[in-house]
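Asks: Before we start, here is the structure in question, set down as structure tokens.
What follows draws every value from the coordinates through simple rules; no lab data is involved. Given the structure is predicted, the values throughout are model-derived calculations rather than measurements. A quick note on method: Cβ atoms are made from the backbone with ideal geometry, for glycine too, and the neighbour counts reach across all protein chains shown.
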Amino acid sequence: MHTDSNLDNEPERIAALVTWTNVIYGLHALSVLIGVTSAATIAGSFIFGVPSIAAVILNYVKRSEVRDTWLASHFSWQIRTFWFAFLWSLLVLIVSAPLMFILIGFATAWMGIVLVGLWVAYRVLRGWVALRDRRPLPMGGA
């Protein structure tokens, strides 16, 4: 229930939550950058890197604060990006592992991880641009 004093604080609350959302996108983008500029892959850096792990923890901690705002779609987007990247990377490795005995698995693993990394970079960029434009993101689909 909103009281008049809560409504008066609404713009400040949303501004603070937009800042948190920017921080979270920044942490995810840092993981992508680390993946691009180091020996790690984008997908590996995103899933196992400290910046993205910290970002997804922040997503869960702050999620109740963005409920019923347009920012809720960004939090869902960020959380789904992390977990789908994890699951798709795992699937790539599970499918590629047996194929490594006939050497083709090394190519399928590499291509799969590169594709997951490109998808992650796209999701981080698309989400951050939508946040800049103060637009919600689609809630369904990966």
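Asks: Helix 72-99 against the longest principal axis of the chain: what's the angle in degrees, Cα atoms only, rounded to the nearest 10?
Replies: Taking Cα atoms only, the helix is inclined about 10 degrees.
Asks: Using DSSP to call loops (not H, G, I, E or B), can you name the trypsin sites (Lys or Arg not before Pro) in region 44-142 whose Cβ has at most 16 other Cβ atoms within 10 angstrom? Before the final figure, lay out each step's value.
Replies: Details: sites: Lys62, Arg63, Arg67, Arg80, Arg123, Arg126, Arg132, Arg134; in loops: Arg67, Arg134.
Counting only loop positions with at most 16 other Cβ atoms within 10 Å, the trypsin sites (Lys or Arg not before Pro) in region 44-142 are Arg67, Arg134.
Asks: Distance in nm between label sites at Ser64 and Phe101, each 7 Å beyond Cα in the beta-carbon direction?
Replies: So the label points at Ser64 and Phe101 sit 5.0 nm apart.
Asks: What translational diffusion coefficient, to the nearest whole µm²/s, does the chain have by Stokes-Einstein, given a Kirkwood radius computed over alpha-carbon pairs, a temperature of 4 °C and 1.567 mPa s viscosity?
Replies: Rounded, D is 80 µm²/s.
Asks: Considering only C-alpha atoms, what is the centroid distance from region 23-102 to region 112-135, in Å?
Replies: 10
Asks: Another question about this same structure. Report, in degrees rounded to the nearest 10, the 0 to 90 angle that the Cα long axis of helix 10-37 makes with the longest principal axis of the chain.
Replies: Value to nearest ten degrees: 10.
Asks: Further question on the same structure: Taking springs between alpha-carbon atoms closer than 10 angstrom, which of Ser76, Ser89, Ser64 fluctuates most in the Gaussian network model of the chain?
Replies: Ser64
Asks: Nearest 10 degrees is fine. How inclined is helix 104-132 to the longest principal axis of the chain, computing both from alpha carbons?
Replies: Rounded to the nearest ten degrees, it is 10.
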